[in-house]
Amino acid sequence: MEHTVLVILLALLQFTWFSLRVGSARPKYGVNAPKTTGDEQWERLFRVQQNTMEQLVLFIPAMLAFSAYVSALWGLLPGLVFIIGRQLYSYEYISKPGSRVPGMAMTLLANAVLLVGALIGVLLKIF
């Protein structure tokens with residue numbers, strides 16, 4: 001279970017970095033709180049943070065369930081793919097939003113593996 005918690009904490013640290021980046025960019029781009037629109041570059045930073053938060057809502061419980069009902073060790077692989085995918089998504093979205101597909105695909109693949117794997121693991125345990 002330690003592997004699972006480590007991966008989740010790494011994903012949360014990454015999200016914290018994305019959040020700090022958004023907050024510190026507000027003065028640079030003149031987007032004063034509570035505004036969430038303004039400079040295009042700031043909006044890209046903000047969308048990366050928001051999209052990551054949306055993906056974490058699925059990732060964290062799916063990672064925990066996969067680790068509990070399939071394997072904590074095997075959960076490392078999709079967990080690390082998720083983190084790498086988020087980093088790639090961030091880089092791509094900020095530099096050229098149209099190129100964000102590979103990072104998003106990695107994120108979706110990791111979440112799908114965790115979710116479907118966990119569901120199968122739970123069903124096998126029940127039946």
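The values are calculated or read from the model by the stated rules, or taken from the named source; none is laboratory data. For clarity, every value in this text was computed on a predicted model and none was experimentally measured. Using ideal geometry, Cβ is built from the backbone for each residue, glycine included, and neighbour counts are taken over all protein chains shown. Areas reflect the complete protein model, heavy atoms only, side chains present, ligands, DNA and RNA absent. Shrake-Rupley method; radii C 1.70, N 1.55, O 1.52, S 1.80 Å.
Residue ranking by accessible heavy-atom surface, 1.4 Å probe, largest first, among 29, 89 comes out as 29, 89. When each of the peptides 11-17, 35-41, 73-79 is scored by how many other beta carbons lie within 10 Å of its residues on average, the order from highest to lowest is 73-79, 11-17, 35-41.
To the nearest 20 Debye, how big is the dipole of segment 40-127 about its Cα centre, given +1 on the beta carbon of each Lys and Arg and -1 on that of each Asp and Glu? Don't skip to the answer; put the middle values down first.
Numbers: 6 positive and 4 negative charges, 20 e Å.
That gives segment 40-127 a dipole magnitude of about 100 debye.
Note on exposure: 104, 53, 1 ranked by accessible area (1.4 Å probe, complete protein assembly) read 1, 53, 104, with the most exposed listed first.
Taking the Cα of residue 28, stepping 7 Å toward and past its beta carbon, and measuring to each backbone N in segment 80-103: which are under 14 Å? Inside the label zone: 91, 94-95. To make sure I understand the rule: partners must be aspartates and glutamates, Cα under 14 Å from the Cα of residue 28, and not fewer than 8 residues away in the same chain. Which ones qualify? List returned: 39, 40, 43. Please give the helix 40-66 orientation as an angle from the longest Cα principal axis of the chain, in degrees from 0 to 90, rounded to the nearest 10. It is inclined by approximately 10 degrees. Relative to the longest principal axis of the Cα atoms of the chain, the long axis of helix 101-126 makes an angle of roughly 30 degrees. Helix 76-95 axis versus longest C-alpha principal axis of the chain: approximately 20°, rounded to the nearest ten.
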